[in-house]
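Visitor: Take this structure, written in structure tokens, and hold onto it; I'll ask about it next.
Just so you know, all these numbers are worked out from the coordinates, no wet-lab data involved. None of the values given here were measured: they were computed from a predicted structure. Backbone-built Cβ (ideal geometry, glycine too); neighbour counts: all protein chains shown.
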Ligand code: SAM
Ligand code: DTB
Ligand code: SF4
């Protein structure tokens, strides 16, 4: 059972977070795990499934993304798919143990016409008894409200990195554009899924600053996806240096400490992670994953590998519950 949320802070300083991060690895993990087990069942991991409903040809130039029209990644592009396909995929996801179904679209921002279609998709998925999440790019306030009226639970919109490093990764929008959409999402009473990517050439300071931005939002995001960069051939980051797994685990531990009640999602990049790294990530407080062979367009470990890993670790997938926080 969760305790009262009396230790939520939104006034973290960089130096405080740096000090936490720089403790010995064992001390950092002990703190993170202590917080984790106070607030969650530490043997349960929430599972979500992604579906790309509109793939590629995105006008934005995000340096990591296979779907940007600015990069040549040999991706098979697809217009907005029909609702039957969405329903079929959601039924399959539910039978595989996912409690949340997430729709992603490669848009800078949705048109009102497209938004109406996505609203129908949301109603369909909700009707199956699953939580819904969509990630559609930037939203105006009335668009966020429309999604809420359709019954949407979560909106995913990542800040991706620190404010300082942002312009090195994306030039077609800025950090404030992201914060503005997050504000519109909150105003519509939607739950927020917001995190970033590790391993894009940013420094440890950038990672800490990104987490500080998230932890100091007026309300913590209920879900914090931490993606390890998937190096996609044809993107400007294809030859980026590998992320040190210990740095990944330490960043997860810091996220758990700064945002004690948020679900921390070990998101993209698990195909490149050993079982030991993933085990350490769960020990550090990660408690949700994406399951299935593909994320939106890139590879994910697949069902059998995850079943094997969960069995080894004695982890079970979290069922949907009414006191569910995120
Ligand atoms: N177009 C929408 C947007 O950018 O908000 C939604 C889709 S976008 C693919 C969702 C998120 O996927 C990005 O914010 C980024 O964090 C993550 N992502 C994209 N490509 C990735 C990659 N190669 N490695 C890791 N994460 C990635
Ligand atoms: C998030 O932070 N990670 C997910 C979800 N939110 C939408 C997406 C990862 C995408 C990885 C690249 C791809 O599959 O195209
Ligand atoms: Fe477009 Fe989103 Fe990819 Fe950026 S991350 S190029 S906005 S699909």
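Visitor: Need one number: % antiparallel among DSSP beta bridges in the chain, to the nearest 5.
Guide: Antiparallel bridges make up about 5 percent of those DSSP assigns within the chain.
Visitor: While we're on this one: Name the most mobile residue of 43, 95, 262, meaning the one with the largest mean-square fluctuation, in a Gaussian network model of the chain with Cα contacts below 10 Å.
Guide: Highest fluctuation of the listed residues: 95.
Visitor: Using a/c under 1.5 as the rounded threshold, could you call the range 19-117 rounded, prolate or oblate? The axes a ≥ b ≥ c are square roots of the C-alpha gyration tensor eigenvalues, and prolate needs a/b larger than b/c, oblate otherwise.
Guide: Because a/c hits 1.5 or more and a/b fails to exceed b/c, the range 19-117 counts as oblate.
Visitor: Can you tell me the order of 303-311, 198-206, 269-277 when each peptide is scored by its average per-residue count of other Cβ atoms within 10 angstrom, highest first?
Guide: Packing order, densest peptide first, comes out as 198-206, 269-277, 303-311.
Visitor: Any chance you could list the semi-axes, whole Å, largest first, of the equivalent ellipsoid that the Cα gyration tensor gives for the range 118-184, using √(5λ)?
Guide: Equivalent-ellipsoid dimensions as semi-axes: 27, 12, 8 Å.
Visitor: Right, something else. Would you mind pulling out the separation of the Cα centroids of the range 71-116 and the range 40-61, in Å?
Guide: Computed from Cα coordinates, the inter-centre distance equals 10 Å.
Visitor: Follow-up. Using a Gaussian network model on the chain with a 10 Å cutoff between Cα atoms, which of 126, 109, 171 fluctuates the most?
Guide: Per the Cα network of the chain with a 10 Å cutoff, 171 tops the list.
Visitor: For a label point 7 Å from the Cα of residue 25 along Cα→C-beta, name the residues of the range 244-261 whose backbone N is under 20 Å from it.
Guide: Residues 244-257 qualify, since their backbone N sits under 20 Å from the label point.
Visitor: If you find the alpha carbon centre of the range 172-198 and of the range 242-306, how far apart are they in angstrom?
Guide: With the range 172-198 and the range 242-306 each reduced to a Cα centre, they are spaced 21 Å.
Visitor: Please say if the range 249-289 is rounded, prolate or oblate, where rounded means a/c under 1.5 for a ≥ b ≥ c the square roots of the C-alpha gyration tensor eigenvalues, and otherwise the choice is prolate for a/b larger than b/c and oblate otherwise?
Guide: prolate
Visitor: What residue among 250, 146, 239 shows peak mean-square fluctuation when the chain is described by a Gaussian network model with Cα springs under 10 Å?
Guide: Taking springs between Cα atoms under 10 Å, the residue moving most is 239.
Visitor: Let me know the shape class of the chain, please: from the alpha-carbon gyration tensor, a ≥ b ≥ c as square roots of the eigenvalues, rounded when a/c is under 1.5, otherwise prolate if a/b is greater than b/c, or oblate. Don't jump to the answer; show the numbers that get you there.
Guide: Values: a/c = 1.32, a/b = 1.20, b/c = 1.10.
Judged from the Cα gyration tensor, the chain comes out rounded (a/c under 1.5).
Visitor: Could you give the length gained by full extension between residue 41 and residue 319, i.e. 0.36 nm per residue of separation minus their alpha carbon distance, to one decimal place?
Guide: 98.9 nm
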